[in-house]
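Written below as structure tokens is the structure these notes are about.
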Amino acid sequence: MFNGGKAFKHLEKMAVEIGSRDSGSAEEREAAEYIASVFRGLGLKTSFQEFDVETGRILKQGLEVLEPYMEEVECMALPLAGGTGPEGVEGELLYLESVVEEYITPEIDGKILLTQGFYRAGLELFTKYRPLGVVSIGRRPNSPLGHGWGTAKLRDKYGPMPVVNVKFEDGLKLLESGAKRVRLTADIEAGKAKSQNVIGELEGSEKPEEVVLVGGHYDTVPGIPGASDNAAGTAVAMELARVFSEKGTKRTLRFVAWGCEESGCLGSRHDASRLKKEDDELKKGDEDAKSELDGIRLVVNADVQGGKIGRNTVASLGPVELKSAVKLMAKEVGVVFSMGGSGGGISGGVYSSDGTSYSAVGVPSLNFIRGGAPYIHSMEDSIRWLSPDALQIHGEFMERFLTRYVAEAVAFPFERTIPDDDRKAIERFYKGRMSKPPGRE
Ligand SMILES: [Zn+2]
């Protein structure tokens, strides 16, 4: 049976011993090697799926207030948003409640904006009037400084826009002190790197052509331990790999640790795009041909796991029977799972994680989330808040679900379909992120 203690060992190895696993970094690779060694040890058919990524390393960052003088403000640059070079940029600080069309006037030209909730959609507005950089204020007081990547694709499309995060208190201090002139430094060494998905396959004994993916992403936003997000989800998938390699499965279980989720679900996008392109190619010649993609029936993803304090959520894309099965099993075992996604009512079951990459190319997905983790994407995302018992909740549930409906079911119970509502939600999700769905890049 699933053992939260064993999963916790994997989690410690990745989040404590290896530490931050930035996209395309040596540490990300080290974690990949560790995961692969565990898969191999279980006798799984193990491989790396490599892909190219753009990455960035922060050489120097800072926010100096030049007028009136104030001590330096702690900040965190987004490496893929854009760099300033080692000298930084100097300019007048302008507070803008939010980056929306109404506030985009000639006044912002050449200024450094102080704002809150700055997000990728704002970049589109800077084509006519262009600030020198953005200081993005945290959402609430007494919260750790946020870390993030920014997006290479949007940087290339709209031009580099240096962005640094500051804490809520520091944002307020800048505002109250009447900080007028500042120097923003985000010296970034941008470059290309290789990242990888790690795959460990357990072949089905009766229906090997029916494949279910079970996984989690193992990378982090820059410079943080990424314990709950998502060494923990990867650890859950690794422990499930042990369980099923011992008890066997009628269908193929493909365990996957995805790379570069935090810089845009790049690992799962790479795999989903590959599957979709091969499928399109094959069907050009023969409409009835069966592709590898056709064989993939379901993706089960764990992203953000292990919180001692937390709430269980499943974000589901796929037929109503799939969602009902989760709900019924939750009642049966007495675990409460709310059904939702990060988009709430707007994007239905869409969760900004790897499952969605596959649902965009037609594969139903379940994303298991131990939500209510205010520490994610910060230095506070350490094992301190996590426990084996909390890993056990989702791990045990996923084991039961996979046993009943995948490993032991006589016929696969869920249709391989994405209903219209979910399809629309997926379209809205990618539109909101200003990116194309996988397979359509
Ligand atoms: Zn995550």
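Do we have any residue at all in the stretch 316-323 that's outside any helix (DSSP H, G or I), under 24 Å from D420 (Cα atoms) and of a type in the set (S, T, Y)?
Of the stretch 316-323, the ones outside any helix (DSSP H, G or I) are 316-319.
Checking the rest, the ones that are also under 24 Å from D420 (Cα atoms) come to 316-319.
Remaining after also requiring of a type in the set (S, T, Y): 316.
Yes: the stretch 316-323 contains one or more residues that are outside any helix (DSSP H, G or I), under 24 Å from D420 (Cα atoms) and of a type in the set (S, T, Y).
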Test: residue in the stretch 319-328 that is under 21 Å from the mean Cα position of the chain (by Cα), assigned by TED's automatic domain parsing to the domain that holds A257 and among the polar types (S, T, N, Q): no
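Results for (1) in contact with a Gly (Cβ under 9 Å, 6 or more places away or on another chain); (2) of a type in the set (V, I, T); (3) farther than 30 Å from L240 by Cα; (4) part of a loop (DSSP other than H, G, I, E, B), shown as yes or no for each residue.
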position	(1), (2), (3), (4)
L59	yes, no, yes, no
G62	yes, no, yes, no
L66	no, no, yes, no
P86	no, no, yes, yes
S98	yes, no, yes, yes
T115	yes, yes, yes, no
G122	no, no, yes, no
R130	yes, no, yes, yes
V134	yes, yes, yes, no
Test: residue in the stretch 350-371 that is under 27 Å from G204 (Cβ atoms), away from the ligand (no atom under 16 Å from the Cβ), in a loop (DSSP other than H, G, I, E, B) and free of Cβ contacts under 8 Å to residues at least 24 places away in the same chain: no
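Go through the residues of the stretch 211-222 one by one and say whether even a single one is part of a loop (DSSP other than H, G, I, E, B), within 14 Å of the ligand (Cβ to nearest atom) and of a type in the set (V, I, T). Spell out the reasoning first.
Start the filter on the stretch 211-222 by keeping residues that are part of a loop (DSSP other than H, G, I, E, B), which leaves 218-219, 221-222.
Filter once more, so that each one left must be within 14 Å of the ligand (Cβ to nearest atom): 218-219, 221-222.
Those left that are additionally of a type in the set (V, I, T): 221.
Within the stretch 211-222 (the criterion being part of a loop (DSSP other than H, G, I, E, B), within 14 Å of the ligand (Cβ to nearest atom) and of a type in the set (V, I, T)), the answer is yes, since at least one residue qualifies.
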Conditions (1) modelled with pLDDT of 90 or more; (2) within 16 Å of the ligand (Cβ to nearest atom); number of the one not met by G343: (1)
Which listed residue, of E246, E278, is surrounded by fewer than 24 Cβ atoms within 10 Å (Cβ to Cβ), out of contact with any Asp or Glu (no Cβ under 6 Å at 6 or more places or on another chain) and within 22 Å of E50 (Cα to Cα): E278
Residue, farthest from the ligand (Cβ to nearest atom), within the stretch 249-270, restricted to residues that are surrounded by 24 or more Cβ atoms within 10 Å (Cβ to Cβ) and more than 13 Å from the chain's Cα centre (by Cα): R251
From G340, G285, G334, residue being buried (at least 16 other Cβ atoms within 10 Å of the Cβ) and not hydrophobic (A, V, I, L, M, F, W, C): G340
Condition broken by V65, with the remaining ones in (1) at negative phi; (2) surrounded by fewer than 17 Cβ atoms within 10 Å (Cβ to Cβ); (3) out of contact with any His (no Cβ under 8 Å at 6 or more places or on another chain) satisfied: (2)
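Looking for whichever is touching an Asp or Glu at 6+ places or on another chain (Cβ under 9 Å), of a type in the set (S, T, Y), outside any strand (DSSP E or B) and within 16 Å of the ligand (Cβ to nearest atom) here; the options are S195, S228. Which one fits?
Working: S195 fails: outside any strand (DSSP E or B).
Going through S195, S228 in turn, just one is touching an Asp or Glu at 6+ places or on another chain (Cβ under 9 Å), of a type in the set (S, T, Y), outside any strand (DSSP E or B) and within 16 Å of the ligand (Cβ to nearest atom): S228.
Any residue at all in the stretch 286-295 that's within 16 Å of the ligand (Cβ to nearest atom) and either under 19 Å from R404 (Cβ atoms) or in contact (Cβ under 8 Å) with a residue 24 or more places away in the chain (or both)? Before you say what the answer is, go through the steps one by one.
Filtering the stretch 286-295 for residues within 16 Å of the ligand (Cβ to nearest atom) gives none.
No, the stretch 286-295 contains no residue that is within 16 Å of the ligand (Cβ to nearest atom) and either under 19 Å from R404 (Cβ atoms) or in contact (Cβ under 8 Å) with a residue 24 or more places away in the chain (or both).
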Selected residue (only one of M76, M70 is among the aliphatic types (A, V, I, L, M) and crowded, with 20+ Cβ neighbours inside 10 Å): M76
The listed residue being assigned to a loop (DSSP other than H, G, I, E, B) and either away from the ligand (no atom under 16 Å from the Cβ) or touching a Lys or Arg at 6+ places or on another chain (Cβ under 6 Å) (or both), out of V326, V335: V335
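Report yes if some residue within the stretch 255-267 is of a type in the set (D, E, K, R) and either under 21 Å from P208 (Cα atoms) or part of a strand (DSSP E or B) (or both); otherwise report no. Spell out the reasoning first.
The first filter runs over the stretch 255-267 and keeps only residues of a type in the set (D, E, K, R), leaving 261-262.
From what's left, either under 21 Å from P208 (Cα atoms) or part of a strand (DSSP E or B) (or both): none.
There is no residue in the stretch 255-267 that is of a type in the set (D, E, K, R) and either under 21 Å from P208 (Cα atoms) or part of a strand (DSSP E or B) (or both).
Can you tell me how many residues in the stretch 14-39 are free of Cβ contacts under 8 Å to residues at least 40 places away in the same chain and either of a type outside the set (S, T, Y) or over 22 Å from I224 (Cα atoms) (or both)? It would help to see each step written out before you state the result.
Within the stretch 14-39, the first condition is being free of Cβ contacts under 8 Å to residues at least 40 places away in the same chain, and the residues that meet it are 17-18, 26-27, 30, 33-34, 37.
Then drop every residue that is not either of a type outside the set (S, T, Y) or over 22 Å from I224 (Cα atoms) (or both), which leaves 17-18, 26-27, 30, 33, 37.
Total satisfying the criteria: 7.
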Test for F397: is it in a helix (DSSP H, G or I), in the same structural domain as A325 (by TED's automatic domain parsing) and of a type outside the set (V, I, T): yes
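The values are calculated or read from the model by the stated rules, or taken from the named source; none is laboratory data. Since this is a predicted model, take the numbers as computed values, not measurements. When we count neighbours, we look across all protein chains shown, and the Cβ atoms used for this are built from the backbone with ideal geometry, even at glycine.
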